[in-house]
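Q: Encoded as structure tokens, here's the structure I'll be asking about.
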Amino acid sequence: MSQPAQILLAGLSPSDPDDWRLKNYEQREGYVALRKILSEKIPPEKIIEEVKKSALRGRGGAGFPTGLKWSFMPKQYEGDKYLVCNSDEGEPGTFKDRDIMRHNPHMLIEGMLIGAYAMGIRAGYNYVHGEIWDVYERMEEAVDEARAAGYLGDNILGSDFSFQLYNHHGYGAYICGEETALLESLEGKKGQPRFKPPFPASFGLYGKPTTINNTETFAAVPWIIRHGGDKFLQLGKPNNGGTKIFSVSGHVNKPGNYEVPLGTPFATLLEMAGGMRGGRKLKGCIPGGSSMPVLPGDVMMQTDMDYDSIAKAGSFLGSGAVIIMDDTTCMVRALERLSYFYYEESCGQCTPCREGTGWLYRIVHRIETGKGRLEDLDLLNNLADNIQGRTICALGDAAAMPVRAMIQHFRDEFAYHVEHKKCLV
Amino acid sequence: MLSAESLKKIDYELTKYPADQKQSAVMSALAIAQDEKGWLTTETMDFVAEYLDMPSIAVYEVATFYNMYNLQPIGKYKITVCTNLPCALSGANEAVAHFRERLGIGFNETTTDGKFTLKEGECMGACGDAPVLLVNNKRMCSFMSNDKIDQLLEDLSK
């Protein structure tokens, strides 16, 4: 039997308005993994072992091995522990978690249940991006359905395992996608990241041991339990297990989410997204969300879509947001917009980021508006050096990396802007 | 200060958190208050603070940190258009230009009849549907061509 190329979006009929509901999910082998775990009383450490074997890596952006993260949770801890799902999807270019939650919310719930069982956790929160209100409401309904059917609550399916799950919505702050900012936000505070260490596994929500995973990460877990970690790993490639949803946006004919095995050639993904709009030439691509370095089109066309291949090509897979730019794109203007975003969204806690993101934006803006100087290009790199690695969280790095990569790969275009006070394109 | 209906909604949100962590409900409480009042006055925020046993300053901090809270009077319909890079590559700036022309206002301005306020938004996590906008924070509209914008404005003007 050939293996399915899809896990997270498999068997869905988006035209059916009830497709997300519990009964439909059950027809797609939904909650089979949970039932198996509870009826066979599978030991929690066996589950973590299976997830480790699968080489599932965090789908939110950092790519940290999920099984390893789960093993950091203290086992003999007496008090409360928490499980948190990071559905605060706001990385420009990324829109995969929205589709998982609106089309397959129970897959996320089941994944969280299995995680909770494996780590001995009794309560969890799903933090949903504030801008997708209808998806938050759908998650509320799905949680109600799961509770009514005995999948959530006390003594789940008659076992001694209990887990409560609640949805919490954001209200417009990119920084809350950073896990410790998200915890602060859940506690009803400004979303300003915490110092690490201590890591959430020892001091998380309300100061209790906490594990935070991305929506897509949790959603992959039921399949791993049903089919085994080895099968999941084989879908992708070594160290890059499974399938991944890539959100393709920008200058393509069919923007959208495409779930493919990790290691799929970029050229294949581009073809799935309908190819370049108007048959134009691919100029550049940001392969992992706006925070990741841009790569020139010809480099991308030789790259496979997995964590290790993209890192080798000089960028990161990140959240799997693939932003496509054709040869009509002005890279100065593109960078100006991204720099404005980081300036706008810096939480203001660390000086290098708070001040530096403003400097980055203002300098790129003056180049874009014809007031730049040639030495501005080195000044931008110098600023990036003074931000990156000098802040509490990765937002500073996220602001610096695109600047550096844009100047590295498209320096001539920036210089042209300075000299001619207009776009090359 | 808030209607019984709003308080009921806040009370439901409070059931999600441990009894000694009422502050966790502040974001939803402020969103509920804003839905009722249109924007958050100091009095409304003070009321929420008292209701959740929080210092007022802690509520102000939250309201000013998250950008979907309205801290000033606002038009009946707040239209927030995402102009971030992926949306800009797929027509967001053209959509904004169309709104400016149709409404005669720029970002952070309200039409003289008090009906529409135009805002620039950051990533809404729906880049594949660009151009994307929100009406009053909660209604997302996708693939907003000029024709669809005209239709939306007509529907909201009724």
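Q: Of all helices (runs of 4 or more DSSP H) completely enclosed by segment B:42-131, which ones contain at least 3 residues that are within 8 Å of chain A (Cβ to nearest Cβ) and out of contact with any Asp or Glu (no Cβ under 7 Å at 6 or more places or on another chain)?
A: B:56-65, B:85-88
Q: If you don't mind, there's one more thing I want to ask. Failed condition for A:F232, given (1) within 13 Å of chain B (Cβ to nearest Cβ); (2) farther than 21 Å from A:H129 by Cβ; (3) among the aromatic types (F, W, Y), with all others met?
A: (1)
Q: Of the residues B:T117, B:T110, only one is touching a Lys or Arg at 6+ places or on another chain (Cβ under 6 Å) and touching a residue at least 24 places away in the same chain (Cβ under 8 Å); which?
A: Details: B:T110 fails: touching a Lys or Arg at 6+ places or on another chain (Cβ under 6 Å).
On inspection, the qualifying residue turns out to be B:T117.
Q: OK, next. Could you please let me know if A:L379 is of a type in the set (A, V, I, L, M), part of a helix (DSSP H, G or I), away from chain B (no Cβ under 14 Å) and surrounded by fewer than 16 Cβ atoms within 10 Å (Cβ to Cβ)?
A: On the way: of a type in the set (A, V, I, L, M): yes; part of a helix (DSSP H, G or I): yes; away from chain B (no Cβ under 14 Å): yes; surrounded by fewer than 16 Cβ atoms within 10 Å (Cβ to Cβ): yes.
So A:L379 passes the test.
Q: Which of the helices (runs of 4 or more DSSP H) found entirely inside segment A:277-347 contain at least 2 residues meeting this: without any contact (Cβ under 8 Å) to a residue 24 or more places away in the chain and of a type in the set (A, V, I, L, M, F, W, C)?
A: On the way: elements: A:297-301, A:307-313, A:331-345.
Because the criterion is at least 2 residues that are without any contact (Cβ under 8 Å) to a residue 24 or more places away in the chain and of a type in the set (A, V, I, L, M, F, W, C), the helices (runs of 4 or more DSSP H) in segment A:277-347 that meet it are A:307-313.
Q: Exactly one of these conditions fails for A:T328: (1) out of contact with any helix residue (DSSP H, G or I) (no Cβ under 7 Å at 6 or more places or on another chain); (2) more than 10 Å from every other protein chain (Cβ to nearest Cβ). Give me its number.
A: A:T328 satisfies all of (1) out of contact with any helix residue (DSSP H, G or I) (no Cβ under 7 Å at 6 or more places or on another chain); (2) more than 10 Å from every other protein chain (Cβ to nearest Cβ) except (2).
Q: Regarding A:Q192, is this residue part of a loop (DSSP other than H, G, I, E, B) and over 18 Å from A:Y125 (Cα atoms)?
A: yes
Q: In the set A:Y125, A:Y117, A:Y166, which member is in contact (Cβ under 8 Å) with a residue 60 or more places away in the chain, of a type in the set (S, T, Y) and outside any helix (DSSP H, G or I)?
A: Working: A:Y117 fails: outside any helix (DSSP H, G or I); A:Y166 fails: in contact (Cβ under 8 Å) with a residue 60 or more places away in the chain.
Only one candidate qualifies: A:Y125.
Q: Please work out if A:T268 is within 26 Å of A:M331 (Cα to Cα), surrounded by fewer than 24 Cβ atoms within 10 Å (Cβ to Cβ) and of a type in the set (S, T, Y). Break it down into steps so the answer makes sense when it comes.
A: Values: within 26 Å of A:M331 (Cα to Cα): yes; surrounded by fewer than 24 Cβ atoms within 10 Å (Cβ to Cβ): yes; of a type in the set (S, T, Y): yes.
When the stated conditions are applied, A:T268 passes them.
Q: Would you please list the contacts, defined by Cβ atoms under 6 Å and residues six or more apart or on different chains, that run from a residue in segment A:81-103 that is at pLDDT 95 or above to a residue that is polar (S, T, N, Q) and surrounded by fewer than 24 Cβ atoms within 10 Å (Cβ to Cβ)?
A: A:K96/A:N257; A:D99/A:N257
Q: Next question. Within the group A:P222, A:P261, A:P209, A:P238, which residue is away from every other protein chain (no Cβ under 14 Å), touching a strand residue (DSSP E or B) at 6+ places or on another chain (Cβ under 6 Å) and in contact (Cβ under 8 Å) with a residue 40 or more places away in the chain? First the steps, then the outcome.
A: Values: A:P222 fails: touching a strand residue (DSSP E or B) at 6+ places or on another chain (Cβ under 6 Å); A:P209 fails: touching a strand residue (DSSP E or B) at 6+ places or on another chain (Cβ under 6 Å); A:P238 fails: touching a strand residue (DSSP E or B) at 6+ places or on another chain (Cβ under 6 Å).
None of the other options fit; the residue is A:P261.
Q: Determine whether A:V294 is of a type in the set (A, V, I, L, M), within 11 Å of another protein chain (Cβ to nearest Cβ), touching a Phe, Trp or Tyr at 6+ places or on another chain (Cβ under 9 Å) and within 14 Å of A:G93 (Cβ to Cβ).
A: yes
Q: Considering every residue within segment B:132-154, establish whether at least one is assigned to a helix (DSSP H, G or I), under 22 Å from A:N253 (Cβ atoms), within 14 Å of another protein chain (Cβ to nearest Cβ) and without any contact (Cβ under 8 Å) to a residue 12 or more places away in the chain.
A: no
Q: Now for a different question. Which of the following residues is closer than 22 Å to A:P44 by Cβ, buried (at least 24 other Cβ atoms within 10 Å of the Cβ) and out of contact with any Cys (no Cβ under 8 Å at 6 or more places or on another chain): A:L113, A:L108?
A: A:L113
Q: Quick one: which residue in B:E43, B:E94, B:E61, B:E13 is modelled with pLDDT of 95 or more and either of a type in the set (A, V, I, L, M, F, W, C) or in the same structural domain as B:D147 (by the TED database) (or both)?
A: Going through B:E43, B:E94, B:E61, B:E13 in turn, the sole match is B:E94.
Q: Let me ask another. Tell me the residue from A:R98, A:R35, A:R122, A:R102 that is within 14 Å of chain B (Cβ to nearest Cβ), basic (K, R) and more than 16 Å from A:I245 (Cβ to Cβ), please.
A: A:R122
Q: Out of the residues in segment B:13-53 meeting the condition of being of a type in the set (G, A, S) and in contact (Cβ under 8 Å) with a residue 24 or more places away in the chain, tell me which one is surrounded by the fewest Cβ atoms within 10 Å (Cβ to Cβ).
A: That would be B:G38.
The values are calculated or read from the model by the stated rules, or taken from the named source; none is laboratory data. Just so you know, these numbers come straight off a predicted model, no measurement behind them. Ideal geometry is used to build each Cβ from the backbone, glycine not excepted, and the neighbour counts take in all protein chains shown.
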